[in-house]
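Let me begin by presenting the structure, written as structure tokens, before commenting on it.
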Amino acid sequence: MVKIWDFIKNHLIPIIAVVVVAIGVAFVGASHKETTAKAGRTPIVFWHEMGGPAEQALDKMVDNFNQSQSKYEVIPQYEGAYDEAVQKIIQSHGTSASPALFQSFDISTAQMMHSKYTTPVQKFIDEDHYDTSDISPVARSFYSNKGQQLAMPFNTSQPVLYYNATLLKKYGITPPSKSPSYSEISRVAKELYEKSHHKVKGMTMEIYGWLLEEALANDKTKLINNGDGHQGNPTKINVNNPNTVKFLKWIRTNIKSGDFVNYGSGASAETNEIAAFLADKLGIFVQSSAYIGQLTTGNKNKLGISYFPHPDGTKANGVGIGGAALWISNDKPEKVQKGAFEFIKYAESAKNQANWQVATGYLALNKNSQKQKALQNLYKKIPAARVPGEQLASAKPNNANSGILMEGMQLTRELEETAMETVYNGGNIDGALTTANKAMNANLTTTNRADKK
Amino acid sequence: MLKSPASDSTSAPINRAETKAKIEASEKAFSLNAKDKYYALLFLGPSLLILGIFIFYPMFKTLYLSLFLTNTVGKPTVFVGLSNYINLLTSADYLNSLAVTMVYVLAVTALTIALGLLLASLASKKIAGIGFFRTLFSSTMGVSVSVAAIFWLFIFNPSTGFLSLISTWLHLPAIGWLTDPTWAMVAVIITTVWMNLGFTFLILFGAIQSVPTTLYEAASIEGASSRFQFFHITIPSISPTLFFVSIVTLIDGFKSFGLIDLMTKGGPTNATNMLVYRIYKDAFYSGNFAQASAEALILTVIIALFTLLQFKVLEKRVNY
């Protein structure tokens, strides 16, 4: 025994130590490269999920911030898609690799709130006497709980209805009104399909839980109890309600009359519907306002935009937002957290929000952005680009259109999409929604039990 | 223990002492001295350490997590015993995933082997310009998953895709290749088989080339048809390779992830939601690490069973 111990002490431990140190050095070396700031500045590591043109615009905004002052240096790091970034942020919390400031998407709000890994921005708003009244109320309410601002909305979009105005004119069809009803859209879609001799499909609606949730928001319907989670932790989900049925029945009617085309779900569905729209094979589709840039560059036709459709006989309640917010981690020193908030304030300014909308298609949140020259120029060039901003400004926040504050929204959305797929492929509406509802509630019960709520 | 031939002839007491000494000596000869132990641990230590950190620790952690519920931040909070497993194995959703995975894996393996064998036997014919076809048949080996997925997504596109253009031209009803649950599975199988074909072709072609030509010559003299030669000479001779390819394709089928993620994301209506893709979704989308751990362990058992089955059943028929 003694001999073995000696052996372990004299030989094995040094070997293990060397291996561990070598691995450690490799890790530290790798992570250190990206997180050092210029001398005298406090580094603020900023994780985001903006790719493509949006990443370039964001990097420019960060550069300008770093040049505008000498106390902090924001270091942006791209972390891939929204869904996966959530787990990266949560699992790296408390380590030296974690970010000081991060972007996290709409449906992760309750998860971030329950994790208790962030400092609610309300603290810094109060300390700085920062006036938030210029920032869109419906966007702010999405990321707040019981009057406390948890995070600041950043890149914000809303679903809108796009239509090919040139094509409608060609066939002599009256375009939809600014805030159209379900039947109005059905009429336009059907006319386009018939008058083009079935060459152009009338409409599509991507199999996307977000769009189903927005249809409910616009119909003033809450998906879950306790005011869609804004008045307390939710305990019950009711997706099988008359208004979900109304929405799905509307789509079913269009599928039956042949004017509706199904592109499925996910990124490929979005690519396909845009490709078809630009190739004059599709007249109408509902999608995020963030696609406006892609739909105007290289489009020989006039683009028409209207609000998200609402059921017949009711007034539109206004849709909630999509996109993501900026959060401040609470595992960094006070000084770093303050610096992170300085950047948030900079990003929310009228000028930056205006430039952001022009570059990305995400909506300017600051109401003073509308007076900015960059945005005025955009509206002059593309008059329809004004519509999403107007829809955002017109929505009065209430529980139904302030997002669903519930943990496990990713799974809920998947189940919504499965139900939509069933209905689109001819399945029974009530059956699909009953199945979804049962699975959603079982998941919510487990989540609440695991969280001890 | 080494037995000395001399020990039999000596008297009992001496014999016993001598034997004891011999046993000790022989034990000593086979036991490790300090220096040997040092070298043994020196060489084994690093790999044991790395295996421990990256294989055994995650394995036990997965087992541990699968017996709990995990909260928002992925920490185990409530011990639930085997109920994660029971819930999974009684949920229609999970059983559906199991079923579609089986359909996918078996279809992919069977089609890959059948088509690979067909191409390999065609390519082994000695005709002019065969070199070009040999290169062509193995070309999908150089195609990455993402490229293959994007390539086939273009073909399957419902408005502008190649297949939709053909069906319009022939006045056939349009197929929702990636939006109809049945066809989505077909589309994914086609893409996977297409991707697998290059590697399978190359391996089987190599095996066919190494079958001695004398066997065929002898058969020809006997007057055996080329079909008879294929089934009675080629197949038995390449059976070890067929065995190898079938295992590799089967296990690869179970692990298929990139293609599903890029083409269907498990949809529509979970028609292509394979076991591996489910684990990923449950862990990294929904943050349900407990359930994902249970699913991972079930998958491990399934793959182990299949591999065992293949070794037991197929090995008997393999002509080494």
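Assuming A:GLY147 fulfils every condition listed in (1) within 14 Å of chain B (Cβ to nearest Cβ); (2) on the phi > 0 side of the Ramachandran plot apart from one, which condition is it?
(1)
Restricting to region B:242-253, name every residue that is open to solvent by 50 Å² or more (accessible area, probe 1.4 Å) and aromatic (Phe, Trp, Tyr).
Within region B:242-253, just B:PHE244 meets the criteria.
Give the residues of region B:257-273 that are open to solvent by 20 Å² or more (accessible area, probe 1.4 Å) and not aromatic (Phe, Trp, Tyr), sorted by residue number.
Selection gives B:GLY258, B:ASP261, B:LEU262, B:LYS265, B:THR269, B:ASN270.
May I ask you to list the residues in region A:116-141 that are out of contact with any helix residue (DSSP H, G or I) (no Cβ under 6 Å at 6 or more places or on another chain) and in a helix (DSSP H, G or I)?
Passing the criteria: A:GLN122, A:LYS123, A:ILE125, A:ASP126, A:GLU127, A:ASP128, A:PRO137, A:VAL138, A:ALA139, A:ARG140, A:SER141.
Per-residue answers, yes or no, for (1) in contact with a Gly (Cβ under 8 Å, 6 or more places away or on another chain); (2) surrounded by 13 or more Cβ atoms within 10 Å (Cβ to Cβ); (3) modelled with pLDDT under 95:
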site	(1), (2), (3)
B:LEU51	no, no, yes
B:PHE56	no, no, yes
B:ASN71	no, yes, yes
B:PRO76	no, yes, yes
B:GLY81	no, no, yes
B:TYR85	no, yes, no
B:LEU88	no, yes, yes
B:SER91	no, yes, yes
B:TYR104	yes, yes, no
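Which one of A:ASN377, A:ASN443, A:ASN425 is of a type in the set (S, T, N, Q) and more than 14 Å from every other protein chain (Cβ to nearest Cβ)?
Testing whether each residue is of a type in the set (S, T, N, Q) and more than 14 Å from every other protein chain (Cβ to nearest Cβ) leaves just A:ASN377.
Restricting region B:71-90 to residues that are touching a helix residue (DSSP H, G or I) at 6+ places or on another chain (Cβ under 6 Å) and part of a helix (DSSP H, G or I), which is farthest from B:LYS61 (Cα to Cα)?
In this case the residue turns out to be B:LEU88.
Identify, from the list B:LEU115, B:LEU119, B:LEU69, B:LEU136, the residue that is in the same structural domain as B:VAL188 (by TED's automatic domain parsing) and either closer than 30 Å to A:ASN437 by Cβ or free of Cβ contacts under 8 Å to residues at least 60 places away in the same chain (or both).
B:LEU136
If a residue must be among the aliphatic types (A, V, I, L, M) and more than 11 Å from chain B (Cβ to nearest Cβ), how many such residues does region A:400-422 contain?
Residues that pass the stated criteria total 4.
Among the listed residues A:GLY227, A:GLY258, which satisfies the condition of being on the phi > 0 side of the Ramachandran plot, touching a helix residue (DSSP H, G or I) at 6+ places or on another chain (Cβ under 7 Å) and assigned to a helix (DSSP H, G or I)?
Just one listed residue meets the conditions, A:GLY227.
Suppose we filter region B:225-241 for residues that are open to solvent by 30 Å² or more (accessible area, probe 1.4 Å) and either of a type outside the set (Phe, Trp, Tyr) or in contact (Cβ under 8 Å) with a residue 24 or more places away in the chain (or both); how many remain?
Number of matching residues: 10.
Restricting attention to region A:129-141, which residues are buried (at least 18 other Cβ atoms within 10 Å of the Cβ) and touching a strand residue (DSSP E or B) at 6+ places or on another chain (Cβ under 8 Å)?
Correct list: A:ILE135, A:SER136, A:ALA139, A:ARG140.
For A:SER181, all conditions in the list (1) small (Gly, Ala, Ser); (2) modelled with pLDDT of 95 or more; (3) open to solvent by 40 Å² or more (accessible area, probe 1.4 Å) hold save one; what is the number of the exception?
(3)
With B:PRO158, B:PRO173 as the choices, which residue is buried (at least 17 other Cβ atoms within 10 Å of the Cβ) and over 32 Å from the mean Cα position of the chain (by Cα)?
After ruling out the rest, the residue left standing is B:PRO158.
Among A:LYS246, A:LYS222, which is part of a helix (DSSP H, G or I), open to solvent by 10 Å² or more (accessible area, probe 1.4 Å) and not assigned by TED's automatic domain parsing to the domain that holds A:LEU363?
After ruling out the rest, the residue left standing is A:LYS246.
I'd like the full set of residues that are in a helix (DSSP H, G or I) and either at the interface with another protein chain (Cβ under 9 Å from one of its Cβ atoms) or in contact with a strand residue (DSSP E or B) (Cβ under 8 Å, 6 or more places away or on another chain) (or both), limited to region B:157-179.
none
Looking at region A:142-166, which of its residues are crowded, with 23+ Cβ neighbours inside 10 Å and in a helix (DSSP H, G or I)?
A:PHE142
Looking at (1) open to solvent by less than 30 Å² (accessible area, probe 1.4 Å); (2) more than 14 Å from every other protein chain (Cβ to nearest Cβ); (3) touching a Leu at 6+ places or on another chain (Cβ under 8 Å), can you tell me which one B:ALA294 breaks?
Condition (2) is where B:ALA294 drops out.
The values are calculated or read from the model by the stated rules, or taken from the named source; none is laboratory data. This one's a predicted model, so the numbers in the text were calculated from it and none came from an experiment. Glycine also receives a Cβ, built like all others from the backbone with ideal geometry; neighbour counts cover every protein chain displayed. Note: areas computed on protein heavy atoms with side chains; ligands, DNA, RNA excluded. Shrake-Rupley method; radii C 1.70, N 1.55, O 1.52, S 1.80 Å.
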